[in-house]
Protein chains: 4
Amino acid sequence: MNFISDNVVGASPRILAAMAAANEGTAGSYGADAWTARVEAQLNAFFEREVTVFMVATGTAANALCAAAICPPWGTLLTHRESHVIDDECGAPEFYMGGAKIVGLPGVGGKITPEIIDAHIANEPGGTRRPPLKGLSIAQGTEFGLIYSVPEIAALTAKAKQHGLRVHMDGARFSNALVTLGCTPAEMTWKAGIDVLSLGGTKNGCLMAEAVIFFDPALAEDFRFKRKRAGQTLSKQRLISAQFEAFFEADHWRELATHANAMAIRLANGLKAIPGIRLGWDQQINQVFPIVSQALWDHLAANGVKCIDWTELSLPPDNQAKPDEVVLRLVTSFVTKAEDVDALIALAKGFMSKK
Amino acid sequence: MNFISDNVVGASPRILAAMAAANEGTAGSYGADAWTARVEAQLNAFFEREVTVFMVATGTAANALCAAAICPPWGTLLTHRESHVIDDECGAPEFYMGGAKIVGLPGVGGKITPEIIDAHIANEPGGTRRPPLKGLSIAQGTEFGLIYSVPEIAALTAKAKQHGLRVHMDGARFSNALVTLGCTPAEMTWKAGIDVLSLGGTKNGCLMAEAVIFFDPALAEDFRFKRKRAGQTLSKQRLISAQFEAFFEADHWRELATHANAMAIRLANGLKAIPGIRLGWDQQINQVFPIVSQALWDHLAANGVKCIDWTELSLPPDNQAKPDEVVLRLVTSFVTKAEDVDALIALAKGFMSKK
Amino acid sequence: MNFISDNVVGASPRILAAMAAANEGTAGSYGADAWTARVEAQLNAFFEREVTVFMVATGTAANALCAAAICPPWGTLLTHRESHVIDDECGAPEFYMGGAKIVGLPGVGGKITPEIIDAHIANEPGGTRRPPLKGLSIAQGTEFGLIYSVPEIAALTAKAKQHGLRVHMDGARFSNALVTLGCTPAEMTWKAGIDVLSLGGTKNGCLMAEAVIFFDPALAEDFRFKRKRAGQTLSKQRLISAQFEAFFEADHWRELATHANAMAIRLANGLKAIPGIRLGWDQQINQVFPIVSQALWDHLAANGVKCIDWTELSLPPDNQAKPDEVVLRLVTSFVTKAEDVDALIALAKGFMSKK
Amino acid sequence: MNFISDNVVGASPRILAAMAAANEGTAGSYGADAWTARVEAQLNAFFEREVTVFMVATGTAANALCAAAICPPWGTLLTHRESHVIDDECGAPEFYMGGAKIVGLPGVGGKITPEIIDAHIANEPGGTRRPPLKGLSIAQGTEFGLIYSVPEIAALTAKAKQHGLRVHMDGARFSNALVTLGCTPAEMTWKAGIDVLSLGGTKNGCLMAEAVIFFDPALAEDFRFKRKRAGQTLSKQRLISAQFEAFFEADHWRELATHANAMAIRLANGLKAIPGIRLGWDQQINQVFPIVSQALWDHLAANGVKCIDWTELSLPPDNQAKPDEVVLRLVTSFVTKAEDVDALIALAKGFMSKK
């Protein structure tokens, strides 16, 4: 019962097979190959417009390169104060941006609102005391499993652009968010004002496949040099592209994410139904965050449940954890089994009913 | 007849199969897995001592991280003026080192000598006009297919240490060099004074597997943070480790490199035997650099030979190219076929005999 | 009545004269001059031990160089979340540190406590999610005019060292703090565990004279290169040194700071005595922060009082500003006149008595 | 007889007096003062167009900021391989540019030609192997005392722009070059295609006054943040501005530079007339580079002549130094006395006639 993350599993068999198939023969290195060309065409179709695509090896690199694409070394990048970008990438955005300032904004569940941006800007002193605001990075979904609706994204990007900020979307779990919203990829991104996207494949069935997608060609200028200098231009690029090709082929990504999300729904519903257990934030993608007693957490861990004791920061004011409670993060994936979900629920139910 | 590079081919079947086998089930992410632990043990045995190992996605990242490990932002890194590090990594070393200065030294065939280092230092002005010398990066083999003998490496590291420099070895083609020298990995590295090594697997049969090997534990301090912040810590790390495991298992690396080198020897011998063709530099690893007429190059290209028109810089003074000559770079790999080599030789022979 | 800052005035006549006197004849550039040697000797005496001194042109550069001296590019620097370093230097520390992460800690009046550090560290996730903690930067005094007592400094550096952090003191108003505490320079710095100090002369009577003082010689290694590469090594260095020489000669610094502080005391006492006016934080150095009604602030401004509408962040919980109140920052200097102070008090008194 | 550099002297009395006069009273800090406004107006007049001006503390900072203004972190900056920027600023340009690559071009006497740029570009491999060329930095005058004529500058900037490069002029000795050419400041800069200029005052009579001048307003965007973040925004800015005001007032700069140049002419003529002494490069500004025997150099040094043993790199092919010869750099300044010049000549003459 490993619910630690969606990166503790391998790759979807279909994606693995595509990679193996791409292994034969010779092909141009560094992206000059047929697989890469096909993925570029797939992504144009996926987003219903011409996009500029750069594949990289890790989600951290994708986010850091995107941050650097919208914020120069002398600028400020706004993001949520408990975002992955600020808290979990070991300073990669700071490094790639060449020392730009990152400012963390508040907001329940990791979500920023236009009002929060306005409030921050109202407190800025002007002059040259602080680096000018240049970019905004939002996560779809957040570290707390929440997603922005399309109108919320549009309102946020409108506010950002009003202040001259370009907007990045961290889409490490892009597929899961898309399945939940049921909108098109275009609607969730460029039609809603997103300038650049980190599109993650690794957490949704690839071995290692992340992409930076530019909707604004001007931002993509020189990006091939930026990627190369970051050590992110892969010589045998076709092997990343082959993964993505299988990922997008016949909506395989949707199939994978739908399963992951369904398992999270099953888990959330099962846990919520147990008296004494509540969720920290609504279940929206493939993550569930129950607030449980330390005793239950100990019981689950002792019985083979693996997950992470998550931060309580960003809980809604009216749903705080009590001193003896912990917030757990349970992540489902494209291979999570219903029986594992049910076993976890049964474990929790059994423990709570005995109390 | 694709002799462009050793990265235009896929992976060895044995390595691919190992990767597929590692795909099943769940495992700790970011290196907390059994495959990674086994590779670490393999490398300790390989180098006959405890080493600190960090796997990364690209050779550029490995080199840049190594450069940063031996040279701080305010230092100078010495390397050959036609090295891969200075000329082919799009500024990655500069980026990773945080703006350190790279100074290129002369030397035939991409090789630096202790005398060249002494001559450079004798011309340094002192004071604070230049960033202090901190590191030396050498390539085994060079961009011109040459390798250092073990005594040459030892003499170079002794000279470097005399001036307080730490030494990095760029081992993108480490296996090929090792096969040629016939020494042990330990003899070619730490026993000869190397502090940190980029050990490449990608060009010798892996899909994407590069490693940074520290022989000096002090240099490895905080490196896990440096790797993460560079976007080079892979979530599904086991899939890189599985490649390396198969690479080192039963000396598979040696088998692969021996074949590549043998093809280069066959090619070099065949070409040298043709009147009117000579080599720019001796064949020592899996690269052959014939100096040919432009007409022959046109003829080969027209008949399907793919390779690169290489730089004439670093040719020996007594073996310069004439105005109508070009230097070609032909690279063999673990899958190069003897018939392709022979076909190329035959093509050249046929053309030259007609003249 | 200009109370905007202590940098709106020129230099002390004695310091100006020293600079003019140093202008004659030739002298070694870049610090190889007699003035610099004398200042180094003065500072050894001042701090009762051998220190390593580097003069620079601005306080921002001094702080940023100090930050970089204790925190590498891959580290985290802790400081107060409303510190000058984090909020008023336009990203200079991020730039000089080469992209290190700066984390702002809470604390009333800009002061950090050992408990605040412990609480922060208790919430750190471990692993490589965040850059390792490397440095702590504290301000003596803070942006809110408060200073640490010697035991408070010692407790803080002990806590920092327990976690492996080196400690920087931002001493832009070092003289003012020293006069208030009445202790020796040694007691307020290295005897209390400070590793490196920015010692400001500009705000206390110099034209432009800031120094970085190392108490730990190991931290000063290579610093001359770091300063040069930052564009902070002045060719006619003697002209900075001449200022400092006059500054330290016969305790001129003390004379200047004592006057500035006395004016602040006079101002604080005068304002506090007026019904309806209270101070945001205690007056401790040459800054006074009255909390006043917007109407009074408008009245003062209309009558020629110049000062800054300061942030309400960091006010004590039991002394918050009401919606119609503002916090003013009034700064006195070595040339502030008692009559200006009295005139300001009279203006405020007159307005408040009429209400 | 100190001919080491033009920074071993103090300031012109008129400039010193202006600074002292500016010391009285209060004024806005960080450039919000009347002196700064007047200098801005002076510079508009000086250059016969509106320019954007930023004063900084050192020439190194000015050059590094200019380099960063024309070359992003992922770009390549071209400059002469023995330029001050590449060789004497301890990596400041690399630091300020955030890790961009600097490539040194050949050329006699430190001068680059359009042909040299073409030759370099012809050898570029294309693709992403190297950071894209973004900027060109030339020195007026060079480290070897040579200056570009106006047509030479125009030809160079035309060539640069043809390849998409912006052009920086390092004008540490701008005044001296201008006096020699006898053209207008506009003709030597923006009318000839220069985008950004480092204009030095320190070496020509100021205490510490350097300026970055933008002719292209687009390049100046955000520069006030870049300067601040570099620790180069001076709080008591008026004291720098006051120097420049006096410098430009009534063409004081010209008077100072004319004297320095005249002394160099006198020195060059005197030395050239001595049998056995020749100049390494023509005297064009306030520097003279005699090639002399080691014995003469020893004799001069023993008799109180101070100067620097200069590099022989960049000597014309037909004017190389012999093994027992050295190249001396003799620098004159606005205070150099004719009797010192004559004494030096006499010393040399005396020694040479005895041989």
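What pairs can you find where one residue is in the range D:329-348 and within 20 Å of residue D:280 (Cα to Cα), the other is of a type in the set (S, T, N, Q), and their Cβ atoms are less than 6 Å apart, with a gap of 6+ or different chains?
Partner pairs satisfying both residue conditions: D:331/D:5; D:331/D:287; D:332/D:286; D:347/D:303.
Residue-by-condition table, conditions (1) more than 9 Å from chain B (Cβ to nearest Cβ); (2) over 23 Å from the mean Cα position of the chain (by Cα); (3) at pLDDT below 95:
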| residue | (1), (2), (3) |
| --- | --- |
| A:15 | yes, no, no |
| A:32 | yes, yes, yes |
| A:37 | yes, yes, no |
| A:44 | yes, no, no |
| A:55 | yes, no, no |
| A:58 | no, no, no |
| A:66 | yes, no, no |
| A:74 | yes, yes, no |
| A:81 | yes, no, no |
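Do you know which residues across the range D:133-152 are of a type in the set (S, T, N, Q), farther than 17 Å from residue D:68 by Cβ and touching a helix residue (DSSP H, G or I) at 6+ places or on another chain (Cβ under 6 Å)?
The answer is D:140, D:142.
Any idea which of (1) surrounded by fewer than 24 Cβ atoms within 10 Å (Cβ to Cβ); (2) over 19 Å from residue D:45 (Cβ atoms) is the one residue D:220 doesn't satisfy?
Single failed check for residue D:220: (2).
Counting only residues that are more than 18 Å from residue D:107 (Cβ to Cβ) and touching a residue at least 60 places away in the same chain (Cβ under 8 Å), how many does the range D:124-139 have?
1
Checking residue A:282 against (1) part of a helix (DSSP H, G or I); (2) surrounded by fewer than 22 Cβ atoms within 10 Å (Cβ to Cβ); (3) of a type outside the set (Lys, Arg), which test does it fail?
(1)
Sort out which residues of the range C:285-310 are crowded, with 18+ Cβ neighbours inside 10 Å and β-branched (Val, Ile, Thr), and write them in order of number.
Selection gives C:285, C:288, C:291, C:292, C:305.
Can you say whether residue A:285 is over 30 Å from residue A:13 (Cβ atoms), touching a Lys or Arg at 6+ places or on another chain (Cβ under 6 Å) and not assigned by TED's automatic domain parsing to the domain that holds residue A:145, as far as the supplied structure shows?
When the stated conditions are applied, residue A:285 does not pass them.
Specify which of the listed residues (D:109, D:104) is surrounded by fewer than 24 Cβ atoms within 10 Å (Cβ to Cβ) and in a helix (DSSP H, G or I). So that I can check it myself, show each step before the final result.
Details: D:104 fails: in a helix (DSSP H, G or I).
The conditions single out D:109.
Looking at residue C:256 and the list (1) closer than 12 Å to residue C:54 by Cα; (2) at pLDDT 95 or above; (3) surrounded by 23 or more Cβ atoms within 10 Å (Cβ to Cβ), which single condition is not satisfied?
Single failed check for residue C:256: (1).
Quick check on the range D:202-225. Is at least one of its residues among the acidic types (Asp, Glu) and under 15 Å from the mean Cα position of the chain (by Cα)?
Checked against the condition, which is being among the acidic types (Asp, Glu) and under 15 Å from the mean Cα position of the chain (by Cα), the range D:202-225 yields at least one hit.
Any chance you could count how many residues in the range B:197-218 are under 14 Å from residue B:59 (Cβ atoms), in contact with an Asp or Glu (Cβ under 9 Å, 6 or more places away or on another chain) and of a type in the set (Asp, Glu)?
0
Return yes or no: is residue A:105 free of Cβ contacts under 8 Å to residues at least 60 places away in the same chain and under 21 Å from the mean Cα position of the chain (by Cα)?
Details: free of Cβ contacts under 8 Å to residues at least 60 places away in the same chain: yes; under 21 Å from the mean Cα position of the chain (by Cα): yes.
So residue A:105 fits the description; yes.
Being facing chain A (nearest Cβ under 7 Å) and out of contact with any Phe, Trp or Tyr (no Cβ under 6 Å at 6 or more places or on another chain) is the filter here; which residues of the range B:214-229 pass it?
Let us first name the residues in the range B:214-229 that are facing chain A (nearest Cβ under 7 Å), namely B:225, B:228-229.
Residue satisfying the conditions is B:228 alone.
If you go through the range C:133-179, how many residues are assigned to a helix (DSSP H, G or I) and surrounded by fewer than 21 Cβ atoms within 10 Å (Cβ to Cβ)?
Final tally of qualifying residues: 8.
Does at least one position in the range A:145-164 carry a residue that is of a type in the set (A, V, I, L, M), away from chain B (no Cβ under 14 Å) and closer than 21 Å to residue A:310 by Cα?
The answer is yes, given that some residue of the range A:145-164 is of a type in the set (A, V, I, L, M), away from chain B (no Cβ under 14 Å) and closer than 21 Å to residue A:310 by Cα.
Hey, among C:147, C:121, which residue is more than 17 Å from residue C:104 (Cβ to Cβ) and either at pLDDT 95 or above or in the same structural domain as residue C:78 (by TED's automatic domain parsing) (or both)?
Criteria check complete, one pass: C:147.
Report yes if some residue within the range D:64-86 is of a type in the set (Phe, Trp, Tyr) and more than 30 Å from residue D:126 (Cα to Cα); otherwise report no. Step through it out loud before you land on a result.
Step one: list which residues in the range D:64-86 are of a type in the set (Phe, Trp, Tyr), which gives D:74.
Cutting the leftovers down to more than 30 Å from residue D:126 (Cα to Cα) gives us none.
Within the range D:64-86 (the criterion being of a type in the set (Phe, Trp, Tyr) and more than 30 Å from residue D:126 (Cα to Cα)), the answer is no, since none of the residues qualifies.
A quick yes/no check of all residues on (1) of a type outside the set (A, V, I, L, M); (2) under 30 Å from residue D:302 (Cα atoms); (3) assigned by TED's automatic domain parsing to the domain that holds residue D:131:
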| residue | (1), (2), (3) |
| --- | --- |
| D:2 | yes, yes, no |
| D:21 | no, no, yes |
| D:46 | yes, no, yes |
| D:55 | no, no, yes |
| D:63 | yes, no, yes |
| D:84 | yes, yes, yes |
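I'm trying to understand the selection: among the residues of the range D:96-117, which are small (Gly, Ala, Ser) and within 14 Å of chain A (Cβ to nearest Cβ)?
D:98, D:99, D:100
Determine which single condition residue B:193 fails, assuming it passes every other condition in (1) within 12 Å of chain A (Cβ to nearest Cβ); (2) within 24 Å of residue B:84 (Cα to Cα).
It fails just one condition, (1).
With the condition kept exactly as written, say whether any residue in the range D:62-73 is in contact with a Lys or Arg (Cβ under 6 Å, 6 or more places away or on another chain), crowded, with 22+ Cβ neighbours inside 10 Å and farther than 13 Å from residue D:243 by Cα.
Residues of the range D:62-73 in contact with a Lys or Arg (Cβ under 6 Å, 6 or more places away or on another chain): D:70-71.
Among the residues that remain, those that are also crowded, with 22+ Cβ neighbours inside 10 Å are: D:70-71.
Imposing the further condition that a residue be farther than 13 Å from residue D:243 by Cα reduces the set to D:70-71.
Yes, the range D:62-73 has at least one match.
Test residue B:186 against the criterion of being in a helix (DSSP H, G or I), within 21 Å of residue B:94 (Cα to Cα) and not assigned by TED's automatic domain parsing to the domain that holds residue B:291, and give yes or no.
Criteria not met by residue B:186.
Starting from residues that are within 14 Å of another protein chain (Cβ to nearest Cβ), out of contact with any strand residue (DSSP E or B) (no Cβ under 6 Å at 6 or more places or on another chain) and part of a helix (DSSP H, G or I), keep the ones in the range C:230-259 and report whichever is nearest to residue C:28 (Cα to Cα).
C:238
Pick from the range C:185-211 the residues that are hydroxyl-bearing (Ser, Thr, Tyr) and closer than 20 Å to residue C:260 by Cβ: which of them is surrounded by the fewest Cβ atoms within 10 Å (Cβ to Cβ)?
Once the filter is applied, the top-ranked residue is C:202.
When you look at residue D:280, is it on the phi > 0 side of the Ramachandran plot and either touching a Ser or Thr at 6+ places or on another chain (Cβ under 8 Å) or at pLDDT 95 or above (or both), yes or no?
Answer is no for this residue.
What's the total number of residues in the range B:83-95 that are within 14 Å of residue D:95 (Cα to Cα), facing another protein chain (nearest Cβ under 8 Å) and either touching a residue at least 60 places away in the same chain (Cβ under 8 Å) or not charged (D, E, K, R) (or both)?
The number of residues fulfilling the criteria is 2.
Okay, residues lined up against (1) in a loop (DSSP other than H, G, I, E, B); (2) touching a strand residue (DSSP E or B) at 6+ places or on another chain (Cβ under 7 Å); (3) surrounded by 22 or more Cβ atoms within 10 Å (Cβ to Cβ):
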{"residue": "A:4", "(1), (2), (3)": "yes, yes, no"}
{"residue": "A:11", "(1), (2), (3)": "yes, no, yes"}
{"residue": "A:23", "(1), (2), (3)": "yes, no, no"}
{"residue": "A:26", "(1), (2), (3)": "yes, yes, no"}
{"residue": "A:35", "(1), (2), (3)": "no, no, yes"}
{"residue": "A:49", "(1), (2), (3)": "yes, no, no"}
{"residue": "A:77", "(1), (2), (3)": "no, yes, yes"}
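The values are calculated or read from the model by the stated rules, or taken from the named source; none is laboratory data. For clarity, every value in this text was computed on a predicted model and none was experimentally measured. Methodologically, a virtual Cβ is constructed for each residue, glycine included, from the backbone with ideal geometry; neighbour enumeration extends over all protein chains shown.
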